[in-house]
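A quick write-up on the structure given underneath.
Every number in this text was worked out from the coordinates using simple rules, so none of it is lab data. In this text, all values refer to a predicted model and were calculated from it rather than measured experimentally. With ideal geometry, Cβ positions are generated from the backbone for all residues, glycine too; neighbour counts draw on all protein chains shown.
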Amino acid sequence: MNENFTDIVDEVIENGYAKIENFISKQEAFELEKQTTKAFKKAKKDFYHIETEFTKVLSINEESSQKIKYFQYLNKFFVNKNIINFVQNYFNSDEIEISKIFLAESSNSGEEVNVLPYKMHFDKTRYLKFMIYLRDVENRDGGVTFAKKEWNTKLQEELLSKQSLKEENVVEINDMSVVEEITGPAGTVAIFDTNITHKAGQVLGEKKRLVLRIDTRLKTNV
Ligand SMILES: [Fe+2]
């Protein structure tokens, strides 16, 4: 893991998101890809958050990463000092938690859809998420998209002050020059706060996207 990535905290505070290539090495991404493929095969139904023809998502908590053999390769993320420091700095608090890791493989469903989470939106519940690409993501491979700072911060204040906020709030953006889609080689991470305007990427090409996502937040019970 890239040791210097704590410098990125300020960038995420400033812009709402940051991209780091080589967050993990290509080799490490390849190893994680192998172990994730195995986990998809071995995992019991209970761990499947989504299981359709085009999308498979497993959801794993820290306890499962300790107890279940085929999830043990994920434990190092739950206890990773760099990640924990990063999140503590970001939220300016020691009371943070790595709530879950999601493993997601997505493929082209044959049709382009325009529904959540593929529309620009922001979430009411605040998480800081680390989305690590385990395979290369180029155009049409379903990279995650964020609104850039100038556009985002102005709207953010307006939206967050509203009482009637829903869990996911659609935001219409017609000018695509104000957004950035995160592409990059295997090992790239997108770190983002779910309180900024974003959308999930839809896979439109032939490659299957594989992502390891670490969800972190302030502890809610303190
Ligand atoms: Fe979202």
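Hydrodynamic radius of the range 40-117 by the Kirkwood approach over all distinct alpha-carbon pairs: 14.6 Å. Remark: spin-label model distance residue 14-residue 219 equals 3.2 nm, labels positioned 7 Å along the Cα→Cβ axis. Applying the Karplus relation 6.51 cos²θ - 1.76 cosθ + 1.60 with θ = phi - 60° to the range 169-177 yields 3J(HN,Hα) values of 10, 6, 10, 7, 10, 9, 8, 6, 6 Hz, where x marks Gly and Pro. Which whole-number percentage describes the relative contact order of the chain, with Cα contacts under 8 Å and a sequence gap of 6 or more? Reported as a whole number, the value is 33 percent. Ranked for footprinting exposure by Cβ neighbours inside 10 Å, fewest first, 176, 131, 120 give 176, 120, 131.
In terms of Cα atoms, the Rg and Dmax of the chain work out to 16.9, 48 Å. By the count of neighbouring beta-carbon atoms within 10 Å, fewest first, 220, 36, 6 end up ordered 220, 6, 36. Report summary: the helix-based calculation at 222 nm, which adds -39500 (n - 2.57) for every DSSP H run with n ≥ 4 and divides by the residues of the chain, gives -7500 deg cm²/dmol.
Legend: ranking of residues 118, 17 from fewest to most surrounding C-beta atoms inside 10 Å; resulting order 118, 17. Using the Cβ-Cβ distance between residue 50 and residue 165 with R0 set to 22 Å, the FRET efficiency works out to roughly 0.30.
Between the listed residues 37, 194, 173, the Cα displaced farthest toward the positive end of the dipole of the range 3-218, a dipole computed from Cβ unit charges relative to the Cα centre, is found at 37. Mind telling me which of 112, 21, 11 comes out most flexible in a GNM of the chain, alpha-carbon contacts under 10 Å? Between 112, 21, 11, it is 112 that shows the largest mean-square fluctuation. Placing unit charges on the Cβ atoms only, positive for Lys and Arg and negative for Asp and Glu, gives the chain a dipole magnitude near 940 debye about its Cα centre. Straight Cα distances below 16 angstrom link residue 42 to the aspartates and glutamates 33, 51, 105, with same-chain residues fewer than 8 positions distant left out.
With the Cα gyration tensor of the range 15-145 giving a ≥ b ≥ c as the square roots of its eigenvalues, does the rule (a/c under 1.5 for rounded; else a/b larger than b/c for prolate; else oblate) give rounded, prolate or oblate? Judged from the Cα gyration tensor, the range 15-145 comes out rounded (a/c under 1.5). Among 42, 119, 148, which one shows the biggest mean-square fluctuation in a GNM of the chain, springs joining Cα atoms closer than 10 Å? Of 42, 119, 148, the most mobile in the Gaussian network model is 42.
Label separation (residue 208 vs residue 72): 2.5 nm, computed from points 7 Å beyond Cα along the C-beta direction.
In this structure, the residue pairs whose Cα-Cα separation is over 28 Å, taken from 81/119; 38/100; 38/119; 34/149, are 81/119; 38/119; 34/149.
With springs only between Cα atoms under 10 Å, which of 31, 105, 181 fluctuates most in a Gaussian network model of the chain? Comparing 31, 105, 181 in the GNM, the peak value goes to 31.
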